[in-house]
Amino acid sequence: MNDEISVNGVRVPLDFPSVPAGWDWKSLNVLCEGIYDCPHSTPDLTDDGPYLARTQDFPDGALSLNGMAQVSRATYLDRVRRAIPAHGDLLYSREGSYHGIAAEIPEDVEICMGQRMVLIRPDQDLLNFRFLKYWLNSRFVRDFISGMREGSGAPRINLPTVRGMAVPVPAVREQEAISSILGALDDKIAVNERIAATADQLANAIFDVAVQSVSPRPMAEILDPVLGGTPDRRVENFWEGDIPWASVKDVVNSVAGALVSTEECITELGERGSRAKRMPAGSVILTARGTVGLVARLTMPAAFNQSCYAFVPGETPPAVLFHLIRLASRRMMALAHGTVFSTVNMKTFQHVEIPEIPKGLSDSLQGELGSLHELIEENLKQSLTLSSLRDTLLPQLMSGRIRVKDAEKIVEDHV
């Protein structure tokens, strides 16, 4: 547990920022109308109905309805007996791989909680819900809760810890101003991602139409998959270098099929001492274990782990290669219909057929698809810059080290 001091009866970790005059520290529970635990049961899913939020639906603090599970009306009513989630509330994951992440409830959407989370309902006269979201997702709180465990199991934040969490509290008007500044950056990121998603859908449609009459061959006869690796985590100088290292989690979190950053990096020593070899930009990653069948292309040279295969562009140009692997993945899933599809291996590539695209058509497609991929990457890389700016401003604003007017000028230059 972090070293702490008591400020007005609130336990504040020593590595939390000092706050300016006029701000105060308060426990989360005194700033909220309620903090509600989730039902501790796994519901049956349906093809239609209210949404079921799970921790994997907001890994970066933004709740995505795309692909979210749904439940029946009866199940929804049963799971909202303690509290009906509404806009102005926050979901907060408190256990598992994505623990310690807060997300807003969208407007006009019926959602109930899955497991491993709580619903936080701030008192709007005391605490702006977006200000609280940014605080809970700040590096101060993330660092504070990152090592929390109950016993030797998965990371887990217990309910008393959530309720007692220290929150810096300026006047509500200043909370709203801070949220507005950070929200402007998030809004621009969201616009960029919508543009990227639209361009990706268009590229998919162009490719599918172009190859629908092309004769297929087994994938193994056309492409050469490469399996990745993981440097030994016990060797410290294998990690935290400058070589991006992609995992299944990075592919899951990629947008519009483009991987523009990775959560972890390795060193050249780590690369030399393992099977984790760098692939050039334009290479395509296919997840083979865990969340199987996801596809992303590298926008920079990167290594990757052994739960993925990579395909390197050559005779098949990069944009065409990406859509070929995506098509192959869909066909893998179709072959596995009605069974548990837990891994992809070399035998899989012998059974899955993909179009053997003639060079003339391939070159033509590369021109069309490549320009759309450039648009996608341009928007996502801008979003990466905006995200970095937001994450830099957030602790400065939350600690009062930079004032709202100064931050507004910085943000105006970027959105």
Using a simple charge model, +1 on the beta-carbon of Lys and Arg, -1 on the beta-carbon of Asp and Glu, nothing else, what dipole does the range 4-169 show about its Cα centre, in debye to the nearest 20?
480
Out of the DSSP beta bridges found with both residues in the chain, what percent are antiparallel (nearest 5)?
85
Taking the Cα centre of the range 215-356 as origin, work out the dipole magnitude from +1 charges on Lys and Arg Cβ and -1 charges on Asp and Glu Cβ, in debye rounded to 20.
420
Exposure proxy check: H99, H40 ranked by fewest other beta carbons within 10 Å?
H40, H99
The range 215-356 - percent relative contact order, Cα under 8 Å, separation 6 or more:
31
Between V255, V320, V209, where does the largest GNM mean-square fluctuation fall for the chain, given springs only between Cα atoms within less than 10 Å?
V209
Amide H contacts under 5 Å for F304, placed H, 5+ residues apart
G229, A246, K277
Residues meeting the amide H criterion for E264 (H placed from the backbone, H to H distance under 5 Å, 5 or more places apart or on another chain) are W245
Can you count the Lys pairs in the chain with C-alpha separation below 28 Å, eight or more apart or on different chains?
19
Taking the Cα centre of the chain as origin and charging only Cβ (+1 Lys, Arg; -1 Asp, Glu), how large is the dipole, in debye to the nearest 20?
860
From phi via Karplus (6.51, -1.76, 1.60), per-residue ³J(HN,Hα) for the range 259-264 in Hz, x at Gly/Pro
9, 9, 7, 10, 6, 10
So if a site counts as exposed when it's one of the GluC sites (Glu not before Pro), its DSSP state isn't H, G, I, E or B, and it has at most 11 other Cβ atoms within 10 Å, what's the longest stretch of the chain without one?
108-262
Between R94 and residues 5 or more places away or on another chain, the pairs with built amide H atoms under 5 Å apart involve G100, M117, V118
Using only alpha carbon pairs under 8 Å that are at least six residues apart, calculate the relative contact order of the range 86-193 and give it in whole percent.
26
Please name whichever of I354, N66, T291 sits farthest to the positive end of the charge dipole of the chain, dipole taken about the Cα centre and charges placed at Cβ: Lys and Arg +1, Asp and Glu -1.
T291
Just tell me, in residue order, which DSSP H segments of the chain are both 20 angstrom or longer along the helix axis (alpha-carbon based) and at least -1.0 in mean Kyte-Doolittle hydropathy.
172-211, 318-335, 359-398
Cα centroid separation - the range 80-128 against the range 19-38, whole Å:
15
I'd like to know which of P395, G49, Y76 lies farthest towards the positive end of the charge dipole of the chain, counting +1 on Cβ of Lys and Arg and -1 on Cβ of Asp and Glu.
Y76
Taking a cut-off of 43 Å, what percent of all Cα-Cα pairs in the chain are separated by more than that?
18
Return the calculated 222 nm mean residue ellipticity for the chain, to the nearest 500 deg cm²/dmol, obtained by summing -39500 (n - 2.57) across DSSP H runs with n ≥ 4 and dividing by the residue count.
-11500 deg cm²/dmol
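Read the figures in this text as sums done on the coordinates, not as results from a lab. None of the values given here were measured: they were computed from a predicted structure. We place every Cβ from the backbone using ideal geometry, glycine too, and count neighbours over all the protein chains shown.
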